[in-house]
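S.K.: Structure provided below as structure tokens; questions to follow.
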Amino acid sequence: MEKHILIDFSGKFQFETIEFLLGQAKEKLSILEIKIGLRKKIVNILIECLENIYKYTKFGIEGDYSNINFFSKISLEKTNDSFIIKAGNTILNSDIEKLKNKIEKVNALNREGLQKFYQEIINDGKISDKGSAGLGIIDIAMKSGKPIVFNFTPKNEKNSFYEIKIEISENIN
Amino acid sequence: MEQLLCEASADTPKVLFDPANKIFEISGESRPENVKVFYEPVLVWLDNYLAELKAQGKKEAFVLKMYLEYFNSSSAKYFLYIAKKIFEFVSCGIPVTIEWCYIEDDEDMKETGMEMEKMSKVQFKYTVIL
């Protein structure tokens, strides 16, 4: 299968990293001959993935987290008929259960179920101090129309590396 | 009422609420580092404007134009707060509508507008940008 890498980042993540990587992705996508709707869908999903990394990366214990094992990662690649976004960041082991439950819930819902869940959270959910509304994962699932592939890899007694993979078909909509 | 103006940046939209010239618009890209910090003052301004109109007994119509190129999911939550706030104007007999602009072919943006309309009960007018 032919693969074309549009962005590929691994390193320490700051708010400015979002702007930098989005700029790269928008530029690369604008050269491809794809519909505007698809391009916007990809960028929107990418925004959610980048913000998830920025807002939810957590290290648990004192120590050196500057090595490659704990770097945040994000990539966007184009295959023959779809776009793949892979995102990964370090989280606390204590957050795994909640996150896993949410993604499994979202993956089990059909389109109508996702819309209902979205309405529930957007109407009744609280905005956290960091400014998160808890809608990111639901929004990604609604826009991509496919299950979110996820994985947790233990790193030390406090941390695991959390990775998601999202596929966006070129023929969506 | 003093106008509200926030110039656009790479991650925040332009917000211009200018009652004297009847311009109400939110446009650009919305993914602020903290949505709360960016949008709370916008809601406060709308509250104050509604209080002023009520005090003066004015029921002048206006249109809030929303043309967002990109926005994050937490901004969507604030757009719904804003739309619900607009419904408070409508409930007071002030005819306000929301003009939701989207680029032709951007089905996600159109769908979000329709969801917002349903949830806020405000009348939306859809404008397709070619």
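Derivation of every value follows stated rules applied to the coordinates shown; laboratory data play no part. Predicted model only: the values in this text are computed from it and were never measured. Here the Cβ is made from the backbone with ideal geometry for all residues, glycine too, and neighbour counts use every protein chain on show.
S.K.: What do you get for trypsin sites (Lys or Arg not before Pro) in segment B:50-130 restricted to DSSP loop and a cutoff of at most 10 other Cβ within 10 Å of the site's Cβ? Could the numbers behind the result be given before it?
M.R.: Details: sites: B:LYS54, B:LYS58, B:LYS59, B:LYS65, B:LYS77, B:LYS84, B:LYS85, B:LYS110, B:LYS118, B:LYS121, B:LYS125; in loops: B:LYS58, B:LYS59, B:LYS121.
Sparse-neighbourhood loop trypsin sites (Lys or Arg not before Pro): B:LYS58.
S.K.: A further question on this structure: Run the numbers on segment B:4-129 and let me know its relative contact order in percent, using alpha-carbon pairs under 8 Å that are six or more apart.
M.R.: Once normalised by length, the contact order is 22 percent.
S.K.: So which GluC sites (Glu not before Pro) in segment A:1-107 pass both tests, a DSSP loop state and at most 13 other Cβ atoms within 10 Å of the Cβ?
M.R.: Of the GluC sites (Glu not before Pro), the ones in loops of segment A:1-107 whose Cβ has at most 13 other Cβ atoms within 10 Å are A:GLU2, A:GLU33, A:GLU62.
S.K.: Rounded if a/c is under 1.5, else prolate if a/b beats b/c, else oblate: with a ≥ b ≥ c from the C-alpha gyration tensor eigenvalues square-rooted, which is segment B:33-104?
M.R.: Here segment B:33-104 falls in the oblate category.
S.K.: Quick check: pseudo-label points 7 Å beyond the Cα along Cα→Cβ at B:ALA20 and B:GLU40, how many nm apart are they?
M.R.: 2.9 nm
S.K.: On to the next question. Under 25 Å Cα-Cα from B:LYS59, which lysines qualify once same-chain neighbours fewer than 8 residues away are excluded?
M.R.: Here the lysines satisfying the reach criterion relative to B:LYS59 are B:LYS22, B:LYS84, B:LYS85, B:LYS118, B:LYS121, B:LYS125.
S.K.: Moving on to the next point. Tell me which residues come under 5 Å, amide H to amide H, from B:ILE23 once H is placed; ignore anything under 5 positions away on its chain.
M.R.: When sequence neighbours closer than 5 places are left aside, the close amide H contacts are B:ASP18.
S.K.: Among rounded, prolate and oblate, which fits segment A:4-169 when a ≥ b ≥ c are the square roots of the eigenvalues of its C-alpha gyration tensor, a/c under 1.5 means rounded, and a/b larger than b/c means prolate?
M.R.: oblate
S.K.: Got a sec to turn the phi values of segment B:7-20 into Karplus ³J(HN,Hα) couplings, 6.51 cos²θ - 1.76 cosθ + 1.60 with θ = phi - 60°, whole Hz, x for Gly and Pro?
M.R.: So the J values, rounded to whole Hz, are 6, 5, 10, 4, 10, 10, x, 7, 10, 10, 10, 10, x, 4.
S.K.: Still on this structure: Set the Förster distance to 35 Å, then compute FRET efficiency between A:LYS100 and B:LYS54 from the Cβ-Cβ distance, nearest 0.05. Each step should come with its number before you reach the end.
M.R.: Values: r = 49 Å, r/R0 = 1.40.
The value I calculate is 0.10.
S.K.: Something else: Give the separation of the Cα centroids, segment B:16-83 to segment A:1-78, in Å.
M.R.: 30 Å
S.K.: Which residue fluctuates most in the GNM of chain B (Cα springs below 10 Å): B:LEU53, B:LEU68, B:LEU16?
M.R.: For chain B, modelled as a Gaussian network with Cα springs under 10 Å, the answer is B:LEU53.
S.K.: For chain A, what does -39500 (n - 2.57) per DSSP helix run (n ≥ 4), summed and divided by total residues, give at 222 nm, in deg cm²/dmol to the nearest 500?
M.R.: So the calculated ellipticity at 222 nm is -14000 deg cm²/dmol.
S.K.: Also, I was wondering about something else. Suppose we flag trypsin sites (Lys or Arg not before Pro) only when DSSP calls them loop and at most 10 other Cβ atoms lie within 10 Å. Which is the longest uninterrupted stretch of chain A? Provide the component values of the computation, followed by the final result.
M.R.: Details: sites that count: A:LYS3, A:LYS126.
Counting only loop sites that pass the neighbour cut-off, the longest clear stretch is A:4-125.
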